[in-house]
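A short worksheet on the structure shown next.
The values are calculated or read from the model by the stated rules, or taken from the named source; none is laboratory data. Values in this document were obtained by computation on a predicted structure and should not be read as measured data. Quick reminder, even Gly has a Cβ in these numbers, built from the backbone with ideal geometry, and neighbours come from all protein chains shown. Surface accessibility is based on the protein's heavy atoms, side chains included, excluding ligands, DNA and RNA. Shrake-Rupley method; radii C 1.70, N 1.55, O 1.52, S 1.80 Å.
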Protein chains: 2
Amino acid sequence: MWQLYQFPLCPFSRKVRLLLGEKGVGYELVRESPWQRRDEFLDMNPAGQTPVMADPDKNLLLVDSMAICEYFEETVEKSSMISGTAANRAEIRRLVSWFDTQFYGDIVAPLLHERMIKRLVHRAAPDAKMLREAMKAALQHLDYTDYLLDHRHWLGGATMTLADLAAAAQISVADYLGGIDWKGHEATAGWYRGFKSRPSFQPLLAERMEVISPPAHYAVHDF
Amino acid sequence: MWQLYQFPLCPFSRKVRLLLGEKGVGYELVRESPWQRRDEFLDMNPAGQTPVMADPDKNLLLVDSMAICEYFEETVEKSSMISGTAANRAEIRRLVSWFDTQFYGDIVAPLLHERMIKRLVHRAAPDAKMLREAMKAALQHLDYTDYLLDHRHWLGGATMTLADLAAAAQISVADYLGGIDWKGHEATAGWYRGFKSRPSFQPLLAERMEVISPPAHYAVHDF
């Protein structure tokens with residue numbers, strides 16, 4: 001059985017979990033807090049980051065969220081999430097990188113630092129200026145997803161792809177941490193509403209990170 | 001004909017150029033300085049980063065270095081660089097991500113900022129402490145590549161893969177900027193020496209970034 005090392009608010013682990021859910025791959029969760037830099041975890045992944053997947057029976061170890069997604073895309077035929085022509089697939093991968101790097105760097109990383117790491121590790125209050133900047137960046141990013149959804153049925157094209165899973169993963173963590181103001185972003189809100197009703201998303205919405213509560217609308221389907 | 005938007009010290013463009021060289025794909029270089037945030041370039045890539053590849057005749061636009069590499073891996077059979085079993089391919093992609101994220105973040109990004117951006121944009125001197133920290137990080141990273149090469153013929157396994165190209169791309173920029181002390185890292189130095197003699201590497205070694213000179217050993221094959 002696959003084991004997935006993660007913590008509830010890791011957006012990269014959420015992307016992998018959405019993919020595994022859509023493909024119907026079973027796994028068990030192993031809680032890992034990468035900021036503790038546990039020796040046994042660093043032995044598995046010298047980069048010290050979640051997610052990591054291990055199948056001890058088969059002596060398999062998968063590290064890096066994109067390498068993990070490509071692995072299951074190659075080995076599990078059901079629900080292809082990097083689909084279409086080579087140019088379509090390049091566009092899907094561009095968007096995954098956009099959400100994993102730009103959206104994460106501008107919004108999710110500062111929110112996690114201010115609202116989670118400072119609370120759990122430094123016992124310090126969040127910096128209001130940093131929070132404001134992350135929320136402002138979120139508005140610009142939602143303008144971009146609105147723009148994409150004005151031209152396409154899903155973010156990466158005509159069908160649901162890994163671009164949607166990567167976006168939903170990042171947005172859901174930002175939303176949990178109170179970083180998303182949904183007013184005026186109807187296209188993205190409509191897309192996200194549909195996403196929230198998918199079976200693959202239910203386990204994520206039900207989970208809570210200790211001592212950090214999400215806003216009331218977080219797990220509501222019709223927010 | 002493909003056009004590759006890049007600047008001489010962009011490590012991600014170098015990775016793509018090494019791949020195109022190994023696969024025998026022709027392209028012309030278009031000089032882009034992403035720190036100038038040119039409007040026409042931001043229209044092609046809202047992330048504002050090199051490399052971008054365009055084929056105007058075929059109306060194709062490829063953005064993000066990994067998406068570009070996967071595209072040519074899928075469309076050009078010659079010299080497969082993400083090869084082997086699904087597990088082998090996952091290990092290759094893990095290492096590409098390691099060099100693109102960890103090696104770049106710890107070493108190449110601070111060197112580029114201190115030695116290139118400060119000179120070209122801010123007209124300021126580099127911060128000696130930042131340079132020392134990047135060079136110290138480089139020693140630890142070369143310990144890791146030494147370790148990998150003690151167990152494998154190439155970084156990603158038995159054959160040359162995209163992991164080697166990603167590593168050589170990052171290391172070559174760090175070396176150009178004087179960030180690499182080769183003493184005591186014989187395994188990695190031997191691997192890099194072999195790499196420097198490949199035809200795909202020659203155009204990169206011959207190029208110079210304006211106003212920034214590399215150390216004397218940079219382009220020497222037997223350094």
Considering amide H positions built from the backbone, and no H for Pro or chain starts, which residues 5 or more places from B:Tyr218, or on another chain, come under 5 Å of its amide H? none
Using a 10 angstrom cutoff on alpha carbons, build the Gaussian network for chain B and name the most mobile of B:Glu40, B:Glu70, B:Glu186. B:Glu40
Sticking to Cα atoms, compute the Rg of chain A to one decimal and its Dmax as the biggest Cα-Cα distance, whole number, in Å. 17.0, 50
Using a 7 Å Cα-to-Cβ projection, A:Arg119 label spacings across copies, nm, ascending: 4.6
What ³J(HN,Hα) values, in whole Hz, does the Karplus curve 6.51 cos²θ - 1.76 cosθ + 1.60 give for segment A:109-119 when θ = phi - 60°, with x put for Gly and Pro? 4, x, 4, 5, 5, 6, 9, 10, 4, 4, 6
Excluding ligands, DNA and RNA, the carbon-plus-sulfur percentage of the accessible area of the protein assembly as shown with a 1.4 Å probe reads 52
Expressed as a rounded percentage, what relative contact order does segment B:30-157 have, with Cα pairs under 8 Å and six or more residues apart? 14
Along segment B:203-213, Karplus-curve 3J(HN,Hα) (6.51, -1.76, 1.60; θ = phi - 60°) to the nearest Hz, with x for Gly and Pro, reads x, 5, 5, 7, 7, 10, 8, 4, 6, 10, 9
Run the numbers on segment B:86-206 and let me know its relative contact order in percent, using alpha-carbon pairs under 8 Å that are six or more apart. 31
GNM top mover of B:His153, B:His141, B:His122 - chain B, alpha-carbon springs below 10 Å: B:His122
Just going by the charge dipole of chain A, with Lys and Arg at +1 and Asp and Glu at -1 on Cβ, which of A:Val76, A:Thr101, A:Ala125 is farthest out on the positive end? A:Ala125
Using the heavy atoms of the protein chains and a 1.4 angstrom probe, tell me the accessible area per residue for segment B:86-206 in square angstrom. 41
Determine the shielding of peptide A:69-77 by partner chains: average, over its residues, the number of Cβ atoms on other chains within 10 angstrom of each Cβ. 3
Kindly give the distances from B:Trp35 to its copy-mates, label point to label point, with each label point 7 Å from Cα along Cα→Cβ, as nm values to one decimal ordered shortest first. 3.2
For segment A:114-192 and segment B:56-95, write down the distance between their C-alpha centroids in whole Å. 29
Interface A/B, total buried accessible area with a 1.4 Å probe, nearest 100 Å²? 1800
Inter-copy separations for A:Ile212, label at 7 Å along Cα-Cβ, nm, ascending: 3.5
Going through the cross-link list A:Lys129/B:Lys129; A:Lys58/B:Lys23; A:Lys23/B:Lys78; A:Lys15/A:Lys78; B:Lys15/B:Lys136, which pairs have a Cα-Cα distance over 26 Å in this structure? A:Lys129/B:Lys129; A:Lys58/B:Lys23; A:Lys23/B:Lys78
With the contact rule set at Cα under 8 Å and sequence spacing of 6 or more, what percent relative contact order holds for chain A? 23
Compare each residue of segment B:85-112 in its chain alone against the assembly with all protein chains, and report those whose accessible area goes down by 40 Å² or more; 1.4 Å probe, heavy atoms. B:Ala86, B:Ala90, B:Arg93, B:Arg94, B:Trp98, B:Gln102
Using the Kyte-Doolittle scale, find the helices of chain A whose mean hydropathy is at least -1.0 and whose Cα atoms extend 24 Å or more along the helix's long axis, counting only whole DSSP H runs. A:128-151
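Using a 1.4 angstrom probe, figure out how much accessible area segment A:2-75 has per residue, in square angstrom, rounded to the nearest whole.
Value for segment A:2-75: 38 Å² per residue.
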